[in-house]
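K.L.:
Here it is: the structure, laid out below.
The values are calculated or read from the model by the stated rules, or taken from the named source; none is laboratory data. Since we're looking at a predicted model, the values are computed, not measured. Cβ coordinates were reconstructed from backbone atoms using ideal geometry, including for glycine residues, and neighbour counts include every protein chain displayed. Remember, those area values only see protein heavy atoms, side chains included, never the ligands or the DNA or RNA. Shrake-Rupley method; radii C 1.70, N 1.55, O 1.52, S 1.80 Å.
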Amino acid sequence: MMYVFNRNGVCLLYREWNRPLRTLNAQQDHKLMFGLLFSLKSLTAKMDPTNAEKGNLGVPQLPGQGCSFHSFRTNTYKLSFMESSSGIKIILVTHPGTGDLLESLKYIYNLYVEYVVKNPLYSPGTPIRSELFDKTLDQYVRGLG
């Protein structure tokens, strides 16, 4: 599965390639995923051993500010995460045995910039509707497996 959120928590894109069980409706799923990211970013910033100013738990931080996480693994999935300097968040949920996906996330972000951001017909903050982006993304993700 893949999610793309903007800095305000709006889900711009959601794709599934292999999800055997659907447990929530899409809107609930997006809210839970963004809430998870918000909580984990807040927790990692609060636990940062290199920063004396911890701030308040739950207060949003700017992209790239403070300590961050890139992935976590459970017994059933691995979540990999990247946030751009503009606040775009890209999340891949994969098999727990999957290796480091940071370079793949950066590649997907570059696809987003090339096919979505540079498209004069795209209005920032709206769901991504680009056939060329979808096709290129699909080919790339299927090639990862």
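K.L.:
Out of all the residues in region 34-57, is one or more in contact with a Pro (Cβ under 8 Å, 6 or more places away or on another chain), at pLDDT 75 or above, open to solvent by 40 Å² or more (accessible area, probe 1.4 Å) and not in a helix (DSSP H, G or I)?
P.N.:
Taking every residue of region 34-57 in turn, none turns out to be in contact with a Pro (Cβ under 8 Å, 6 or more places away or on another chain), at pLDDT 75 or above, open to solvent by 40 Å² or more (accessible area, probe 1.4 Å) and not in a helix (DSSP H, G or I).
K.L.:
While we're looking at this one, here's another question. Contact list please: Cβ distance under 6 Å, first residue in region 29-47 and among the basic types (K, R), second residue surrounded by fewer than 16 Cβ atoms within 10 Å (Cβ to Cβ), pairs at least six apart or on different chains.
P.N.:
The qualifying pairs are K46/K54; K46/L57.
K.L.:
Exactly one of these conditions fails for G99: (1) exposed (fewer than 13 other Cβ atoms within 10 Å of the Cβ); (2) assigned to a helix (DSSP H, G or I). Give me its number.
P.N.:
Here G99 clears every test but (2).
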